Amino acid sequence: MDDHALAAALAEKAGSLLLDIRGQGGAEGDRQSNELLLRLLAQARPDDAVLSEESADDPVRLTRGRVWIIDPLDGTREYGEPPRDDWAVHVALAVNGTPTAGAVGLPAAGLVLHTGEPPALAAPTSGPVRLAVSRTRPPACVDQLVARLDAALVPMGSAGAKAMAVVRGDVDVYAHSGGQYEWDSAAPVAVAHAAGLHTSRLDGSPLRYNEPNPYLPDLLICRPELADTVLRALHDA
């Protein structure tokens, strides 16, 4: 099984588990999904390192060229509010700092989007730019984009759900500033890039992974034809 297929299979298995135990709550979902993913990765790729939101950071990863970056349950709050489906499972492989394979499972929607079979880029739509935004904690960059692009806000839950909404053509832009780590974006970036979307930091610089400090606070995923416009709006702000 190649890395793309493995990422997809792991996201699917973790998603199935999370659906089965959803009644036990988010903390238990985090724990059991993490244990499953770590066990399966140890079996399938014993020589690779792992960086997980739910495990202590092992500095050995900094000596490895291949590092799996996982978020066993992205959107614990949304997961704990059935029947919401805007939560995800993230599984990505970073090779020398770049996400080369990845999968984002949307278990409650019955979907796994992955780099082995990248989704086709949706056709552009008319009307205002649609901007994915948190239901409860919109970052400052959202206000900047609304002011400069007259964007329409589309509220939804987890980072993975917002990123995959761009991939699926439900929104045009997902921009975030503050409070994210590598596991929040590695798998979504891998899938979005494979699908032909623009992925970068808010200043347009590349996203780098498996850094000594996994804090990676800002992110831009958007349709390629909007990238220059969005980056210019963020720079002007």
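The values are calculated or read from the model by the stated rules, or taken from the named source; none is laboratory data. Treat the numbers as computed from the prediction; the structure is a model and nothing was measured. Using ideal geometry, Cβ is built from the backbone for each residue, glycine included, and neighbour counts are taken over all protein chains shown. With ligands, DNA and RNA removed, areas are computed over all heavy atoms of the protein, side chains included. Shrake-Rupley method; radii C 1.70, N 1.55, O 1.52, S 1.80 Å.
What number comes out for accessible area per residue over the chain if the probe is 1.4 Å? Units Å², please. Walk me through the intermediate numbers first.
Values: 10050 Å² over 237 residues.
Value returned for the chain: 42 Å² of accessible area per residue.
Hey, rough spin-label estimate for Glu211 and Arg135, points 7 angstrom out along Cα→Cβ, what's it come to in nanometres?
3.1
Could you tell me the accessible area of Glu81 in Å² (1.4 Å probe, neighbours in place), rounded to the nearest ten?
Only protein atoms counted, so the area is about 70 Å².
Just need log10 I(q)/I(0) for the range 7-133 at q = 0.16 Å⁻¹, Debye formula, equal scatterers on the alpha-carbon atoms, no solvent, rounded to two decimals.
Results for the range 7-133 at q = 0.16 Å⁻¹ read -0.81.
Just by accessible area at a 1.4 angstrom probe, what is the order of Lys13, Lys162 from largest to smallest? Display every interim value, and only then the final one.
Numbers: Lys13 105, Lys162 15 Å².
Largest accessible area first, the list is Lys13, Lys162.
Largest first, how would Thr63, Thr229, Thr125 line up by accessible area (1.4 Å probe)?
Thr63, Thr125, Thr229
Give the distance, in whole Å, between the Cα centre of the range 203-219 and the Cα centre of the range 23-42.
Centre-to-centre distance over Cα atoms comes out at 25 Å.
Taking a temperature of 37 °C and a viscosity of 0.692 mPa s, what whole-number D in µm²/s does Stokes-Einstein yield for the range 73-159 with Rh from Kirkwood over alpha carbon pairs?
Calculated translational D: 217 µm²/s.
Given all pairs of different Cα atoms, what value in angstroms does the Kirkwood hydrodynamic radius of the range 133-237 take?
13.6 Å is the Kirkwood radius here.
Tell me the mean residue ellipticity at 222 nm calculated for the chain from its helices only (DSSP H runs of n ≥ 4, each -39500 (n - 2.57), averaged over every residue, nearest 500).
-11000 deg cm²/dmol
Which one is right for this structure if percent of Cα pairs over 33 Å apart is calculated from it: (1) 17; (2) 12; (3) 30?
It is the value labelled (2).
Taking all protein chains together and a probe of 1.4 Å, list Thr199, Thr100 from the most accessible to the least accessible.
Ranked from most to least accessible, the order is Thr100, Thr199.
Let me cross-check Asp57: its accessible surface, 1.4 Å probe, with only protein heavy atoms counted, in Å² to the nearest 10?
70
Between Arg39 and Leu19, what length comes free when the chain is fully extended (0.36 nm per residue of separation minus the Cα-Cα distance, one decimal in nm)? Write down the numbers at each step before the final one.
Values: separation 20, 0.36 × 20 = 7.20 nm, distance 1.88 nm.
Extending this stretch completely gives an extra 5.3 nm.
Taking the Cα centre of the chain as origin, work out the dipole magnitude from +1 charges on Lys and Arg Cβ and -1 charges on Asp and Glu Cβ, in debye rounded to 20.
200
In the chain, what percent of the accessible surface is made up of carbon and sulfur (1.4 Å probe, ligands and nucleic acids excluded)?
51
Relative to the first principal axis of the alpha-carbon coordinates of the chain, what is the inclination of helix 3-20, with its axis defined by its Cα atoms, in degrees from 0 to 90 and to the nearest 10?
For 3-20 against the chain, the angle is about 90 degrees.
If you average the sequence gap of Cα pairs under 8 Å that are 6 or more apart and divide by the length of the chain, what percent do you get for the contact order?
19
Could you quote the convex hull projected area for the range 137-194, Cα atoms only and averaged over all directions, in nm²?
It is 4.0 nm².
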